[in-house]
Amino acid sequence: MKRYPIKLAAKPAWWHVRLPEIRRQLSTMRHCRVEKLLASKELYAVFFQEKEFPKPEVRWPAAASSANPNAFKTSGMDPQCLMLIAGVHGAEAEGVAAVMNLLQLLETGKDLRGCERPALLSLLRAYRIVFIPCCNPDGRAISPDHLQGVSKEDFPRISQGIWQNGETISWAQSKEFFPLPMDRVAFPGGYPNRDGYNIMHDCAPGKVYTREAAAILELTERVQPDLFLNLHSQQGESILGRPSTFDYKRNIIRGRRLSEQVFRALRKHQLPALKPSGNSQSLNLNTAAVMLTRTLAMTYESTTDCGLTFNQILESHYVMLETVLASGQKKIFAARR
Ligand SMILES: [Zn+2]
C-alpha cells in the first residue's frame, strides 16, 4: 500500500515520524533499553530509569477485591511509572514526533532540535518511563508526515480512508466496521492497522483482535503504570480528554482535574486548547489498561494545525507533560487503596 498522495509543507529534519527515522534514532540510544514487542512489526518499547521488582502473584482484578489491593503493585510508587504511547492511529504523527524528541531529551539532555528543557527533563527523570513511540506502524507507513494545511475534506480521507467508489469513509462511519472490509476500500487510511482493525477501539476483554493491542496490554500489565498517557491528534484545538465514565470514581475525579489544569496551562502559553466538558462513554485501549492495572489512563488529543508551527505543536506537548508530571509529583496518579 502506497503513502496517501498529497503535497504538504516539508517537515523539519527533527520531526522524526517515519519508520526508518524511528528505527535509526532508537539504534543510536545508549541510556535506555529498547524492546521489540512484535517480531513482524516495528512496534518498539523504550524503557528509561527501569527498576527491578518482583512479578506479582496476583493480577489486578483479583487483588482489587482482596484485603490488599497493593498486592498487584509490586513495583511500588517510588518512583511512579509513566507509560507514554503514541501513534495508535497511524495518521496522527504529532505524538510520535513528541515522543521521539522526549527520547532524545532523556538520552542527551537536548531534544532533536538541539534545545534544552531542564524543567521537563528533571520531571521526566522523576519517573520510571516506558514509551511506545509508534503503536501502529502499518498506519504510519502509509500516512503523511503531518496534517498541517490539510483540508477538511482530505483529513478523513487520510485518516479513515476512501471507499472504492471514491467516497470518503468518515470518522464515525469507520467505527461501524471491525475490521474495515479491505476488499471494498481504495485506501484504508492510517487510522487502522493493515488488516483494517482499529487498535484503540478493538479491545474488548476476552477477545483482543489486534496483535498490537495485545502486545501493548501485555506490556502495560508487566510494567504496572501509574499514568497511562495515550497521544492522539485531531483537527481542532488540543485537549487532555477526561477519563471515560467507565472508570474508577477516583480516576475520573483526578483525571478531570488534570484535564482542567492542562487546559489552563495551554491557554496561559497562548496555545489552542479546547475546554474540557461532557462525559465520554468510550470503551477502548485506555479502559483495558485500567482494568488490567488500575492505572490512570488518559488520552491527549493534540491539534494537527490550528495555525501552529511544528515548534508550537511540540511545545504544546511539552506544556501538557510538564503540567501533568508536576501534578504527579504532588499527588500520586492512581491510589490503589
Ligand atoms: Zn486517534
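Key figures
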read-out: Sole residue being under 22 Å from ASN101 (Cβ atoms) and out of contact with any helix residue (DSSP H, G or I) (no Cβ under 8 Å at 6 or more places or on another chain), chosen from GLU212, GLU301; value: GLU301
read-out: Criterion violated by LEU283 - all others in (1) part of a loop (DSSP other than H, G, I, E, B); (2) at pLDDT 95 or above satisfied; value: (2)
read-out: Looking only at region 177-192, and only at residues there that are within 16 Å of the ligand (Cβ to nearest atom) and in contact (Cβ under 8 Å) with a residue 24 or more places away in the chain, the one that is farthest from GLN148 (Cα to Cα); value: PHE178
read-out: Within region 51-103, tally of residues that are farther than 30 Å from PHE187 by Cβ and either within 16 Å of the ligand (Cβ to nearest atom) or part of a helix (DSSP H, G or I) (or both); value: 10
read-out: Residues of region 128-145 classified as touching a helix residue (DSSP H, G or I) at 6+ places or on another chain (Cβ under 7 Å) and assigned to a loop (DSSP other than H, G, I, E, B), total; value: 6
read-out: Checklist (1) at pLDDT 95 or above; (2) farther than 28 Å from ILE158 by Cβ applied to GLY206, failing item; value: (1)
read-out: Identity of the residue in region 146-173, part of a loop (DSSP other than H, G, I, E, B) and small (Gly, Ala, Ser), that ends up farthest from VAL88 (Cα to Cα); value: GLY166
read-out: Among residues of region 196-235, those that are assigned to a loop (DSSP other than H, G, I, E, B), more than 16 Å from the ligand (Cβ to nearest atom) and in contact (Cβ under 8 Å) with a residue 40 or more places away in the chain, counted; value: 6
read-out: Conditions (1) within 16 Å of the ligand (Cβ to nearest atom); (2) closer than 27 Å to THR287 by Cα; (3) touching a helix residue (DSSP H, G or I) at 6+ places or on another chain (Cβ under 7 Å): number failed by SER174; value: (3)
read-out: Unmet requirement for LYS11, which otherwise passes all of (1) farther than 22 Å from MET200 by Cα; (2) in contact with a Lys or Arg (Cβ under 8 Å, 6 or more places away or on another chain); (3) part of a loop (DSSP other than H, G, I, E, B); value: (2)
read-out: HIS31 being part of a loop (DSSP other than H, G, I, E, B), of a type outside the set (Gly, Ala, Ser), out of contact with any Gly (no Cβ under 6 Å at 6 or more places or on another chain) and away from the ligand (no atom under 16 Å from the Cβ); value: yes
read-out: Some residue of region 246-262 being surrounded by fewer than 24 Cβ atoms within 10 Å (Cβ to Cβ) and either within 16 Å of the ligand (Cβ to nearest atom) or within 24 Å of TRP14 (Cβ to Cβ) (or both); value: no
read-out: Residue list for region 115-155, restricted to those being out of contact with any Lys or Arg (no Cβ under 7 Å at 6 or more places or on another chain), without any contact (Cβ under 8 Å) to a residue 24 or more places away in the chain and not polar (S, T, N, Q); value: CYS115, PRO118, LEU121, GLU153
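The values are calculated or read from the model by the stated rules, or taken from the named source; none is laboratory data. Quantities reported herein were computed from a predicted structural model and do not represent experimental measurements. No Cβ is skipped: glycine too gets one built from the backbone with ideal geometry, and neighbour counts run over all protein chains shown.
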